[in-house]
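Here's the structure, in structure tokens; my notes come after.
The values are calculated or read from the model by the stated rules, or taken from the named source; none is laboratory data. Source: prediction; values computed, not measured. Here the Cβ positions follow ideal geometry from the backbone for every residue, glycine too, while neighbour counts run over all protein chains shown. Areas reflect the complete protein model, heavy atoms only, side chains present, ligands, DNA and RNA absent. Shrake-Rupley method; radii C 1.70, N 1.55, O 1.52, S 1.80 Å.
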Amino acid sequence: MTSTDSATLDPVTITVPRPRSLYGSLWRAVPRELGFLLLTLPLVIVSFTVLVTGISTGFGTLVTFFGIFLIIGSLWAARGFGMLELLRLRWAGRPAIAGPDWTKPTATGFWARLFGTLLNPHYWLYLLHGLVVNFAVGLFTWILSFTWTVVALSGLSYWFYSRFIPTGRGDWHVSDWIARTFAPGWTPDPVLADDLVFLAIGVIFAVTLPFITRGMTMLHYLVAVGMLGRFRIAELQGEVADLSASRTAAVSAEGTALRRLERDIHDGPQQRLVRLQMDLAAAERQLASDPDAARTLIAEARDQSREALEELRALSRGFAPPILLDRGLIAALESLAVRSPVPVTLVNALPTPVLLPQEIERNAYFVASELLTNVAKHASATSIALRVGLGDGGGLEISVTDDGRGGATVVAGHGLAGLEERLRGLGGHLVLKSPDGGSTVVSALLPLS
């Protein structure tokens, strides 16, 4: 086993990003936001045309019963246009909006689910969005953003293309009007003055363009949050379901751990202690008649007591070994790596100084121990890399990579399934990548509260 810290292997560089100005960040988003806004007009026209045709025809032919299918089809089309709007907003750089859970059926059976569309309020909100609200908002934002962009580009380039505009007697110049209005008696060169005036207008519109594109995009985003997003009550129901699933998983994981502990104690230390009791009783009977045999039995009893003690210590390491409580997680993982039958390289990618809650350290140690045990038992590996660091979401990440045969899967009732259940109970998750014949990478993320 070789242990390396973050300075020698997989170093962690803690950089402080340079502060970016708000105006600069607005300009960096202009291409995507402007692309979003300029594509809005054709999309809202198509959406309005399709939906108004489908709905009007559906209600017009409702008496023939065929109109119901047209109305349902229009609702599904509105759903498609709404989901496209959410995707476009995401592409424009806005935060993702959690849409309705369309996979959850409101009824069972084909016909019940088909007509259940009519009872789902999200479909009618999406229809209102595509038919009225997004059409009106889209026209307004497209006209404003398009006009603003054209004026900015025209003003900035007027000095160039004005040379190609035919001139004639009686041409009107904006600089003449400005001179007569604000500076009577001043007679500037009309060509140069017009170039400067239009350049100033172009600069003003170009400088304010990022605020226009951001404001118009945010208007679309706020409308989408109110009409295309998931209902708050649905979010609360989802959170309650997640908490219930986590609680169930935690209870199940603890029950599994207790049953395994009972089995290990019964099969290990308990059997040795029973054997120890029998050897001591036999030695006591032979102590007077056969001292040599009694000494042999006592020696065997001593060996049994030592092995029982070692097994109890091994079991205690599954909870919280003393080194974990005394010296912290990294020292405990180093000790764990030393005892592994497969050579382990420990990579400490935690930023320093870092203080982890004791409960997080205990669970991280348990996860690492289980992962290393699974590799030693099943992977046929010759080396293991154990990495501990912070994950993308800010939680504690324990990652184990081996060079074994791959093909690992999560099977109910086996080690990885129990570990996944335990992590789910803690609010974390397990990620497994194990192609056949390739390296296996198992990452466990523990949330830090």
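On full extension, the segment bounded by Leu199 and Leu22 gains 61.2 nm, given 0.36 nm per residue less the C-alpha separation.
Want the number for Thr373 to Ala417: 0.36 nm per residue separation, take away the alpha-carbon distance, what's left? Kindly include the intermediate steps, with their values, before the conclusion.
Values: separation 44, 0.36 × 44 = 15.84 nm, distance 1.41 nm.
Contour length minus the Cα-Cα distance gives 14.4 nm.
I want to make sure I understand the PRE zone here: with the label point 7 angstrom from the Cα of Leu153 toward its beta carbon, which residues in the stretch 31-62 have backbone N atoms less than 18 Å away? Taking a point 7 Å out along Cα→Cβ of Leu153, the residues of the stretch 31-62 whose backbone N falls under 18 Å are 31-42.
Using a ≥ b ≥ c from the Cα gyration tensor of the stretch 375-449 (square roots of the eigenvalues), is it rounded, prolate or oblate, where a/c under 1.5 gives rounded and otherwise the larger of a/b and b/c decides, a/b for prolate?
On the way: a/c = 2.44, a/b = 1.45, b/c = 1.68.
Since a/c reaches 1.5 but b/c is at least a/b, the shape of the stretch 375-449 is classed as oblate.
Rounded to the nearest 0.05, what FRET efficiency do Arg339 and Leu448 have when you use their Cβ-Cβ distance and R0 = 35 Å? Mind dumping the intermediate values first?
Values: r = 27 Å, r/R0 = 0.78.
Result of the calculation: an efficiency of 0.80.
Of the listed residues Val132, Val441, Val388, the order by accessible area with a 1.4 Å probe, largest first, is Val132, Val441, Val388. Packing order of peptides 289-299, 133-143, highest average first: 133-143, 289-299 (average count of other Cβ atoms within 10 Å over each peptide's residues). Each label point was placed 7 Å from the Cα along the Cα-to-Cβ direction; for Trp124 and Thr49 their separation is 2.9 nm.
Highest mean first, the peptides 121-129, 202-210 sorted by other C-beta atoms within 10 Å per residue fall in the order 121-129, 202-210. Here r is the Cβ-Cβ distance between Ile68 and Leu139 and R0 is 41 Å; the resulting FRET efficiency, rounded to 0.05, is 0.85. Averaged per residue, the stretch 318-449 has 47 square angstrom of accessible surface, using a 1.4 angstrom probe with ligands and nucleic acids left out.
The order of the peptides 399-406, 192-199, 281-288 by mean Cβ neighbours within 10 Å, most packed first, is 399-406, 192-199, 281-288. The candidates Thr217, Thr149, arranged from most to least accessible area with a 1.4 Å probe in the full protein assembly, appear as Thr149, Thr217.
Around the amide H of His429, modelled in the peptide plane, lie the amide H atoms of Leu445, all under 5 Å away and 5 or more residues distant in sequence or on another chain.
Computed from label points 7 Å out along Cα-Cβ, the spacing between Trp102 and Leu219 is 2.7 nm.
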